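Single-structure report; data block below.
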Amino acid sequence: MPGTLTRLAALLLAAALGGCGIFGKEIDETEGWSASKLYAEAASEMDSGGYTRAIELYEKLEARYPFGRYAMQAQLDVAYANYKADEPEAAVAAADRFIKLYPQNPYVDYAYYLKGIVNYNRSVGFLDRYIPTDPSQRDPGSALDSFQDFSELVRLFPDSKYTPDARQRMLFLRSNMAKHEINVAQYYMRRGAYLAAANRCTYVIERFQRTSAVEDALEILVQAYTAVGEDKLAEDARRVLTLNREQGRFLADEKPDDVSLSRQLWDYIGLDKN
């Protein structure tokens, strides 16, 4: 009997020290924390690069104090934390949630910009951080999403401090989308589908003027029309190509600088005290 009691006591002690009671309830060190303490701890984790832990604390803050100003800031911080943690889907979802809940917030332009940056980085690709690659070779889905995000920012907030950079990135994304069409046209040329290639190039010339891809489109048009015996059309394309080259109308691409996006904070004077 004494041995049995000793073993039982040891088991109870181990369960208590392990942070889990015999009734299966886990001990939460944040239980009873105020909104300000939760936010301060989450911000500290964010500043030190502990993005996963920061997200966990911000989400607890939102769940426990959903109507305070700290929760409002936390939602914006969660979007940023997911962006820094390379969780693009979660970052976009959090930014969308902030935009939906607080459309009149003075910092909602940051949420639009963050969405655009997240999708922009997805379109550029992880390897581009280390090895230069051609982003026009990729699926243009993320590039389109980013372009639309930046377009919405420019439309709604023309005077935002983020708008000039958004415009630059839109130009670069537009150029890449045009180059993607050129890649498809070149594929068609290799397969002998000359009219399909010509149609792609015509689309580029009509929809993506003032991009570097127009020069490539005209070159392929000359080749495609020549291949199918459309000498008049080939000569017209060659004349336009030559004229624009002589007058220096073709543009070179300019890649935007890498963005160093930081958290967007606002003044906490008068915040709730929960």
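The figures follow:
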quantity: Selection status of Glu41, within 30 Å of Tyr120 (Cβ to Cβ) and at pLDDT 90 or above; calculated: no
quantity: Out of Val154, Val184, sole residue that is under 30 Å from Pro106 (Cβ atoms) and open to solvent by less than 80 Å² (accessible area, probe 1.4 Å); calculated: Val154
quantity: Residues located in the stretch 232-241, provided they are touching a helix residue (DSSP H, G or I) at 6+ places or on another chain (Cβ under 9 Å) and open to solvent by 50 Å² or more (accessible area, probe 1.4 Å); calculated: Lys232, Leu233, Glu235, Arg238, Val240
quantity: Residue within the stretch 11-34 that is at pLDDT 90 or above and open to solvent by 60 Å² or more (accessible area, probe 1.4 Å) present; calculated: no
quantity: Residue in the stretch 235-243 that is more than 36 Å from the chain's Cα centre (by Cα) and of a type in the set (Asp, Glu) present; calculated: yes
quantity: Test: residue in the stretch 159-179 that is modelled with pLDDT under 95, under 30 Å from Ala227 (Cβ atoms) and of a type in the set (D, E, K, R); calculated: yes
quantity: Candidate set: the stretch 215-231, residues that are closer than 29 Å to Tyr120 by Cβ and touching a helix residue (DSSP H, G or I) at 6+ places or on another chain (Cβ under 6 Å); chosen: the one surrounded by the most Cβ atoms within 10 Å (Cβ to Cβ); calculated: Ala217
quantity: The stretch 77-107: number of residues that are farther than 17 Å from Tyr120 by Cβ and hydroxyl-bearing (Ser, Thr, Tyr); calculated: 2
quantity: Residue within the stretch 188-207 that is closer than 30 Å to Lys115 by Cβ, open to solvent by 40 Å² or more (accessible area, probe 1.4 Å), without any contact (Cβ under 8 Å) to a residue 12 or more places away in the chain and not in a helix (DSSP H, G or I) present; calculated: no
quantity: Checklist (1) modelled with pLDDT under 90; (2) under 30 Å from Glu181 (Cα atoms) applied to Met72, failing item; calculated: (2)
quantity: Filter result (within 11 Å of the chain's Cα centre (by Cα) and open to solvent by less than 30 Å² (accessible area, probe 1.4 Å)) within the stretch 72-110; calculated: Ala79, Tyr80, Asn82, Ala91, Val92, Ala95
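The values are calculated or read from the model by the stated rules, or taken from the named source; none is laboratory data. Because the structure is a prediction, the values reported are computed rather than measured. In this analysis, Cβ positions are derived from the backbone assuming ideal geometry, glycine residues included, and neighbour counts consider all displayed protein chains. Areas reflect the complete protein model, heavy atoms only, side chains present, ligands, DNA and RNA absent. Shrake-Rupley method; radii C 1.70, N 1.55, O 1.52, S 1.80 Å.
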